[in-house]
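Peer 1: Quick one: the structure is below, questions incoming.
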Amino acid sequence: MSKWQFTIKRPIDKSRNSSADKFFSSQPEVEALVRESIQNSLDARVDSKSPVKVRFYIGNGDTKLNASQTAEWLTEDIWEHYSASLNGLRDIPKEISSCSFLTYEDFNTTGLTGDINQSSEVEGINNPFYYFFRAENQSGKAFETGATLGTHGLGKVSFLMSSNVKTLFALTNRNTDNKSYLAGISTLKFHKVNDIDFQPDGWFGEFGSNPDDVPLPIDQDENDYIFDRFKTTFHLSRSSEIGTSMVIPMLHENIQYDALKINIIQEYFAAIMDKSLIVEICDNDDNPSCILDFNNLIPELEKIDEDEFNDVVRLRSNIELATEYFLTLTNDQELDGSQVIKLSLYEGIPQWSSNLLPETVITKMTSVLANNESIFVRVPVLINDDIPSYFDIAIKKFEEANNRNTLFIRNNNIIKKANDRIKISGYVTQVYIHHSPLSEFLGLAEDPSHQNWSEFQPGFKEDGGKYAPSLLRFVKNCCNSIIKLIQKEDTDFDLYTLADYFNVNSESYTDLRGKEEEDDGENKEEEDEEIDDRNKKKKKKRKKTYFQPYSEITPTESGFNVSGIDTLIDKRKFSLAAAYDSESTSDPFNLHKPFDFELKDLIVSQSGVSNLEYVINSKGEIMTNKIRFDSDNQDFLIEFEGFDTNRDLLTNLTSRSSQS
């Protein structure tokens, strides 16, 4: 018999509400719902030659359910739990009422495959049905070589958070056995009903006489009428096509048509322009209110009210560059055309250098960009020092671009914060990673929200290979390194204009026989007046280059360079620390927090150094603002970019003989 059921809590069961505070108190994010749902659908793609189609149906107006329709699916069996004390829900009607909903469907996907009777994780067995309905913070995608976008099992959470009653239904048609199943889940806190304690999780499905048996989904072969009622009530378009249809009842008011449309375009324009994805949005109507595909994406973007969304120009420029890139890409994933540049493989440690970008290459890039044409660069890499792979870079001049991030697109999924500290002006820049070895490597560095890459992700250094951190930085810093060389072709760098943007200081090196650059007091006073006229709101200090006996620190636009000088003839061990200044009387280097910056992540290039690593303090903690390295090369150079230019940066560079 199909119904809703929660499990009674036994005295021995620990009351543990997993992630309860965030889950029950946070507002649902349309961005997360869009990102997680479509990502899961793309990962479940069956036919790689046909696009995945997804459909959003919003039923929050004339088509929302009346109380009678609501009671058919959210029965008294579950409503008494919605009304219970301590369940974590807020502002829920005490009795069954009307119900807004969202239906999400995907097509050309596998459906929720796997043994419906499995009740616990089995090593080496990927069971999407089990992971979706019966597991938390687990995902079977780690078993799938083709599922390279998400492996953290967060998609289900984004659906549940979009429901005011933390409930969802799923109807799935499976490609493995042509079976169709319907089930539902609800996640509350531990709660009481009629003085009986209940577990947080409830299920909608078939239940046997033994309360310890796992609930089973409803089988269409035995309950065809229920499937027809479900499809009609929640406006499903699915008949027998493989894939899954999710329904979110009691939809949160944040989930609206305009917000869905904007976030879909922002998150998945690359997949749409690659013809891997088509999205339909239906707003209280079975007919699509808009179709987002290769032909309609920009026209649909133009319909968005710029008063509601003021980033249309930026988004359009990214879509146009992505369109050019995918038109340049051949069916066998080669880049073809006069605007294509193919680099040679680096030698040894992955790093950007003049050997990788010789003058002839930079000259061609500069020439093509000067003609307002885009350039497309293929960069070869090695994974684990022996597996060849590559990534592609797309760059186009765009005068309106100001302090933009490079977009990193891994398998058509945008990693928004991959290198968001480095801003580029005057260009639109994109990086595409779709070759499996590099995509899987970067997946190891990806955080659970699929928005950032960090070498500190668990297992990354162990599984990523010998040069894993260096390769990660090589990818993250590619556009900044290229743009820096292109701009160097056209302009001479004026050190003192940096006073408008940045402040680099260092400790006095008197004890180290150092010296500071001479400064003319009168000229400095005039310069400070000019600076103050340009921006009175910012603190201005004249920039200097500070010297040690063996090295120097030189400010740049959003960072600094550390380099050797002619007195460096024997191998020395260097220690570098950086931190933002603070009004506190405490040592700012000790006040540093990882969210300020991770120093190694800001290295855009390095040469002539070895054994570069973070300092570990006495507690065994990684100091992300302090590094050590060795060098005996007068020409050694480490370039750092991407600091917050609105904050004063302090640096401290020391060295000692490698024999000491």
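The values are calculated or read from the model by the stated rules, or taken from the named source; none is laboratory data. Quick caveat, the model's predicted, so the values are computed rather than measured. Cβ placement follows ideal geometry from the backbone for every residue including glycine, while neighbour counts extend to all protein chains displayed. The accessibility values were calculated without ligands, DNA or RNA, using every heavy atom of the protein model including side chains. Shrake-Rupley method; radii C 1.70, N 1.55, O 1.52, S 1.80 Å.
Peer 1: Take the cross-link list K64/K189; K156/K396; K49/K166 and give me the ones stretching past 32 Å between alpha-carbons.
Peer 2: K156/K396; K49/K166, as the Cα separations exceed 32 Å there.
Peer 1: Then there is this: Computed FRET efficiency, Cβ-Cβ of K466 and R316, R0 41 Å: what is it to the nearest 0.05? Mind showing how you got there, number by number?
Peer 2: Working: r = 42 Å, r/R0 = 1.02.
The pair K466/R316 has a calculated efficiency of 0.45.
Peer 1: Which value, in debye to the nearest 20, gives the size of the charge dipole of the range 188-276 about its Cα centre, when Lys and Arg are +1 and Asp and Glu are -1 at the Cβ? It would help to have the intermediate numbers written out before the result.
Peer 2: Details: 7 positive and 16 negative charges, 104 e Å.
Magnitude of the dipole: close to 500 debye.
Peer 1: Now for a separate question. Under the √(5λ) rule applied to the eigenvalues of the Cα gyration tensor, what semi-axes describe the equivalent ellipsoid of the range 176-315? Give them in Å, descending.
Peer 2: On the way: eigenvalues 283, 90, 36 Å².
Equivalent-ellipsoid dimensions as semi-axes: 38, 21, 13 Å.
Peer 1: Between the range 405-451 and the range 551-600, how many Å separate their Cα centres?
Peer 2: Each part's Cα centre sits 26 Å from the other's.
Peer 1: Relative to the compact globular guide of 2.2 N^0.38 Å, what is the alpha carbon radius of gyration of the range 379-457, as a ratio? Provide the component values of the computation, followed by the final result.
Peer 2: Values: Rg = 13.3 Å, N = 79, 2.2 N^0.38 = 11.6 Å.
So the Cα radius of gyration is 1.15 times the expected 2.2 N^0.38 Å.
Peer 1: By how many degrees, between 0 and 90 and to the nearest 10, does the Cα long axis of helix 359-370 differ from the longest principal axis of the chain?
Peer 2: Long axis of 359-370 versus the principal axis of the chain: about 60 degrees.
Peer 1: Would you mind calculating the gained length between D13 and S68 on full extension (0.36 nm times residue separation, minus the Cα-Cα distance), in nm to one decimal?
Peer 2: Values: separation 55, 0.36 × 55 = 19.80 nm, distance 3.65 nm.
Result: 16.1 nm gained on full extension.
Peer 1: Working from the alpha-carbon coordinates of the range 568-643, get Rg over Rh, Rh being the Kirkwood radius. Write out the running numbers ahead of the final one.
Peer 2: Working: Rg = 13.6 Å, Rh = 13.5 Å.
Rg/Rh for the range 568-643 comes to 1.00.
Peer 1: With a 1.4 Å probe and every protein chain left in place, work out the accessible area per residue of the chain in Å², rounded to a whole number.
Peer 2: Working: 30620 Å² over 660 residues.
So the chain comes to 46 Å² accessible per residue, rounded to a whole number.
Peer 1: Points 7 angstrom from Cα along the Cβ direction at D221 and S367: gap in nanometres?
Peer 2: Distance between the two pseudo-spin positions: 6.8 nm.
Peer 1: Roughly how tilted is helix 521-534, in degrees to the nearest 10 and between 0 and 90, from the longest Cα axis of the chain?
Peer 2: 30
Peer 1: Using label points projected 7 Å from each Cα along Cα→Cβ, tell me how many nm separate E302 and I616, to one decimal.
Peer 2: Roughly 5.9 nm, to one decimal.
Peer 1: Could you compute how fast the range 609-660 diffuses translationally, taking Rh as the Kirkwood radius over C-alpha pairs and applying Stokes-Einstein at 37 °C with viscosity 0.692 mPa s? Give it in µm² per second.
Peer 2: Details: Rh = 13.5 Å.
D, rounded to a whole number, is 244 µm²/s.
Peer 1: With the Cα gyration tensor of the range 257-335 giving a ≥ b ≥ c as the square roots of its eigenvalues, does the rule (a/c under 1.5 for rounded; else a/b larger than b/c for prolate; else oblate) give rounded, prolate or oblate? Show your work: numbers first, answer last.
Peer 2: Values: a/c = 2.90, a/b = 1.49, b/c = 1.94.
It comes out oblate by the Cα gyration axes.
Peer 1: Also, quick follow-up: Quick check: at a probe of 1.4 Å, how many percent of the accessible area of the chain sits on carbon and sulfur atoms?
Peer 2: Working: 13510 of 30620 Å².
C and S fraction of accessible area: 44 percent.
Peer 1: Here's something else I'd like to know. Which value at 222 nm does the chain reach when only helices count, each DSSP H run of 4 or more adding -39,500 (n - 2.57), with the total divided by all residues and rounded to the nearest 500 deg cm²/dmol? Write down the numbers at each step before the final one.
Peer 2: Working: 17 runs with 163 residues, N = 660.
Taking each H run of at least 4 residues, the total per residue is -7000 deg cm²/dmol.
Peer 1: Moving on to the next point. Can you give the Rg to Rh ratio of the range 348-402, both from alpha-carbon atoms, with Rh computed by the Kirkwood formula? Numbers along the way, then the final one.
Peer 2: Details: Rg = 13.9 Å, Rh = 13.1 Å.
Looking at the range 348-402, the ratio lands at 1.06.
Peer 1: On the first, second and third principal axes, largest extent first, how far apart are the outermost C-alpha atoms of the chain in Å?
Peer 2: So the extents along the principal axes, rounded to whole Å, are 86, 59, 53.
Peer 1: To the nearest 10 degrees, how steeply does helix 257-273 sit against the main Cα axis of the chain, on a 0 to 90 scale?
Peer 2: For helix 257-273, the angle is close to 60 degrees.
Peer 1: Determine the gain in length on full extension of the stretch D293-S120; use 0.36 nm per residue of separation and subtract their C-alpha separation, reporting nm with one decimal. If you can, show how the numbers build up before the last one.
Peer 2: Values: separation 173, 0.36 × 173 = 62.28 nm, distance 3.97 nm.
Working it through step by step, the gained length comes to 58.3 nm.
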